[in-house]
1. To test your reading of the geometry: what angle, between 0 and 90 degrees and rounded to tens, separates the Cα axis of helix A:38-50 from the longest principal axis of chain A?
2. Would you kindly work out the equivalent ellipsoid of region B:148-277 from its C-alpha gyration tensor and give its semi-axes, the square roots of five times the eigenvalues, largest first in whole Å?
3. Over chain B, what is the percentage of antiparallel beta bridges among all DSSP beta bridges, to the nearest 5?
4. Where both residues lie in the protein assembly as shown, what percent of DSSP beta bridges are antiparallel, nearest 5?
5. Taking the highest mean first, how do the peptides B:16-23, B:78-85, A:250-257 order by number of other beta carbon atoms within 10 angstrom per residue?
6. Give the Cα extents of the protein assembly as shown along the principal axes, in whole Å, largest first.
7. In degrees between 0 and 90, to the nearest 10, how far off the longest principal axis of chain B does helix B:194-203 point, with axes built from Cα atoms?
8. Place the label 7 angstrom along Cα→C-beta at residue A:36 and in each other copy, then list the distances from the first to the rest in nm, shortest first.
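What follows draws every value from the coordinates through simple rules; no lab data is involved. Bear in mind the structure is a predicted one, so any value in this text is a computation, not a measurement. When we count neighbours, we look across all protein chains shown, and the Cβ atoms used for this are built from the backbone with ideal geometry, even at glycine.
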């Protein structure tokens, strides 16, 4: 999916919601455990109930890997299901990968060929040759970690480069721009740092930003929109637990749908205020 | 496996060789493609031929993931095989993971519970809470990326912190020491930067270092040993392609054994010179 198509979906659904599929076998409703693939069944029902209100889904790889090869099967089935039934959804592998070039090549093969994801989250520590292999696929995306929403973000991302006085996350934003374009790169920017979004928008005015940390982690959607929106929206705001675990009973899908609908309504107001539809 | 046991294995085998299982379906000998699980069969034969000369094995996750859930199955079978037949081998998941705390918890579950690895490589960008969940398991290890062997290492790892004038990889070494101990942390230090090893040893005198980049990537084993060895050896030197692809014909396992034996001989000399057995 390219940038214009993604913006088209945002306008059509009046939503820039990304639903995080942090599907935990220990948390999903107990009645699903009797099915042959509880993780897939949970995802399928969540997607069916929320697809009307969401433009993107973001399975978090750790949850699937914690179940080994069976978990990977559930993930593959989820991606296949979305591709068959909802071809216009944007699928993000939240995998935080990154390794030397020939290895990143294989991660790209895993997520873009073996599975048909649109985007992969990538950690920047190993630099250009660890990131670029993900950008050799037409209409596929790297989503590079810039500023994360966790406490440990302060350990290295806030250090200042002696030469430029840029913080490291700013160096990541600036340096990486020569690696790709707003057509194949996005950035992860935690919503708990909404006040930083304004500065970040000055560095990367045109790129989409994937914003986790709204809801359970405490970020405000209004603040994010105010500081981060651009002329093509430029935001995918992720919510995981607030939506997929809105209820832990048999009505989990219905409640997830309601929670997603509520977020979509807020987003519709924000998009309208910005004159984007 | 704890530090003393690892050093014991190094003394017993007179080797600090780690064999990288970068097992690529496109490269392994063609006659294996007729078996039901070529990746596992290749790994099994390589391990049988080289276990006498190696203390550690390091499957690179990207190679397995590029084959999807089937690849994960081959990996699980490989780990299981080693645990059954060679319980004294040290197993490293070269996965370069790292995410917010509750997600890193699940990656730890994947590699330490679902599969019985001894260690996982972790990227430091997200800081303390992304790393610590891997250190809550007795005798399991984090191997934190410090200085990598690729060209892109220069993009961010070499930037200097304005406050301390430390390069970022030095900040990673210094800051992370309060997160764990030489009993549950190692560091990745690329061998192509052997001259840096001396400086790094001053910062982390007691930690084991995992050193990739010897052989195919151009590093010298003698230089690494001269600059990096400590009183418990403190080194695991990885070789992947130089060993596992020593031959691409039916004699691949035999040739891999010969290549590993050759490296082990070099290592024996270096360990002897250092008075370590």
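1. 80
2. 29, 18, 12
3. If we restrict to bridges inside chain B, about 5 percent are antiparallel.
4. Looking only at bridges with both residues in the protein assembly as shown, the antiparallel portion is about 10 percent.
5. Packing proxy ranking, top to bottom: B:16-23, A:250-257, B:78-85.
6. On the principal axes, the protein assembly as shown reaches 73, 55, 39 Å in Cα extent.
7. Long axis of B:194-203 versus the principal axis of chain B: about 50 degrees.
8. Counterpart label points of residue A:36 in the remaining copies fall at 1.9 nm.
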